[in-house]
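Report on the structure given below.
Values quoted throughout were computed directly from the atomic coordinates according to the rules given, and no laboratory measurement underlies them. Please read these numbers as outputs of a predicted model, since none were measured by experiment. All Cβ positions, glycine included, derive from the backbone under ideal geometry; neighbour counts span all protein chains shown.
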Amino acid sequence: MYAETVRNVAIIAHVDHGKTTLVDQLLYQSGMFREGELDKLAGGEYGLIMDSNPIERERGITILSKNCAIQYIDADSSVYKINIVDTPGHADFGGEVERVLKMTDGVLLVVDAFEGPMPQTRFVLGKALQHGLKPILVVNKADRLDSRPDDVVNEVFDLFVDLGADDEALDFPVLFASAKEGWATKDLAKPNDNLKPVYDAIIRSVPAPKVDPDRPLQMLVTTLEYSDYVGRVAIGKVFAGRLTQAQPVTVIDKDGRHTQQKVVQLYEFERLGKKPSLTAQAGDICAVAGLDPVDIGDTIACPDEPSALPIVAIDEPTMSMT
Ligand code: GDP
């Protein structure tokens, strides 16, 4: 089933702890772990990672958009799509945090190996734990000579306890990384020269989206963007069924009002941008242009059997609000 190859993860990090650098490197290395390619990596063919010239490396860094998608091909050639969604780091964005987290099944918690966890990430992490998301701790900047990775792991552990994490949540994978140098390892005594442990932790410990491809379409609108060319663009996750290009849909707003509309352009996320797509399957995060009216919290549904997704509960996404 398609959703088995999708992972939706949120990224939580205090400013400057290395989120952009990590995503940039994850994009950069994503195709390198196919059978045989790793040998080339070890052989230095992908020179940027091995002897990272800081100026060259900086050039690769792109501003992190709110959504990005990484296609990861593992050693046995299985192809995964990892959607990474950014989370605002402040309690002021409470509603937005909840909506973003609702699309995901896991979180990458990026913490600076010198600074340790900062109070601003506490709120978002607390929400992620409440929603039962699987955390993966990335202790970044482990290359820094003044880093104190073991203390930082303990501090994060204490934070989890403080936030009321249960035993299962406390059993989170821990990776030490240098996003800047492009490596991650479970054990600093066993150095590694790539980020494979990060992709593997995402594939193994974050569950595939729990969605129902056989039910009628339900997509929950999480964010809105505006484009001069196509107008409003509604972004969100398909929880049931699938959405196709040019499809007639029923948009159900928060008050339960239905409007009959049509998808003008469908997009999927690819790397740091979007590309036109013919279908979006249950489990995937996509963008739809051409709907008006449409708002955050609306459900895009199938005209034959329109039913709204719940606004708050994340556990039973196919439950009707009425
Ligand atoms: P963000 O605000 O979380 O997106 O952080 P950035 O990715 O922009 O990184 C902030 C600063 O930390 C930049 O100067 C990066 O070059 C630096 N940085 C990021 N990752 C690492 C790392 O693993 N090691 C070191 N030493 N510096 C890093």
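Mean projection of the Cα convex hull over all viewing directions, computed for region 100-157: 4.0 nm². Computed from phi, the 3J(HN,Hα) profile of region 181-194 under the Karplus parametrisation 6.51, -1.76, 1.60 (θ = phi - 60°) reads 8, x, 9, 8, 8, 7, 9, 5, 6, 10, x, 9, 10, 8 Hz, with x in place of Gly and Pro. With θ taken as phi - 60° and the Karplus curve 6.51 cos²θ - 1.76 cosθ + 1.60 applied, the whole-hertz 3J(HN,Hα) list for region 145-153 is 5, 8, 5, 9, x, 5, 4, 5, 4 Hz, x standing for glycine and proline.
Protection proxy ranking, highest mean first, for peptides 233-245, 196-208: 233-245, 196-208, where packing is the per-residue count of other beta-carbon atoms within 10 Å, averaged. For region 169-233, the relative contact order is 17 percent, taking Cα pairs closer than 8 Å that sit 6 or more residues apart in sequence and dividing their mean separation by the residue count.
Assuming a viscosity of 0.692 mPa s and a temperature of 37 °C, what translational diffusion coefficient in µm² per second does Stokes-Einstein assign to region 100-205, Rh being the Kirkwood radius over Cα pairs? Estimated via Stokes-Einstein, D reaches 236 µm²/s. Set the Cα radius of gyration of region 210-262 against 2.2 N^0.38 Å, with N its number of residues, and you get 1.21. Here the Kirkwood formula, the inverse mean of 1/r across different C-alpha pairs, assigns region 234-289 a hydrodynamic radius of 11.7 Å.
The eigenvalues of the Cα gyration tensor, multiplied by 5 and square-rooted, give region 171-304 an equivalent ellipsoid with semi-axes of 37, 17, 12 Å from largest to smallest.
Pairs from the table (66/237; 81/262; 134/254; 186/237) lying more than 23 angstrom apart at Cα are 81/262; 134/254; 186/237. Taken one residue at a time, the phi angles of region 279-285 give Karplus couplings (6.51, -1.76, 1.60, θ = phi - 60°) of 9, 10, 8, 3, x, 8, 9 Hz. Gly and Pro are set to x.
Note on residue 246/residue 145: beta-carbon distance plugged into 1/(1 + (r/R0)^6) with R0 of 51 Å gives a FRET efficiency of 0.35.
As a calculated quantity, the FRET efficiency between residue 260 and residue 295 at R0 = 22 Å, using C-beta atoms, amounts to about 0.85.
Given their separation in residues at 0.36 nm each and the Cα-Cα distance between them, residue 189 and residue 215 gain 4.5 nm when the chain is fully extended.
Round to the nearest 0.05 the FRET efficiency obtained for residue 305 and residue 120 when R0 = 41 Å and r is the Cβ-Cβ distance. That pair, residue 305 with residue 120, gives E of 0.45.
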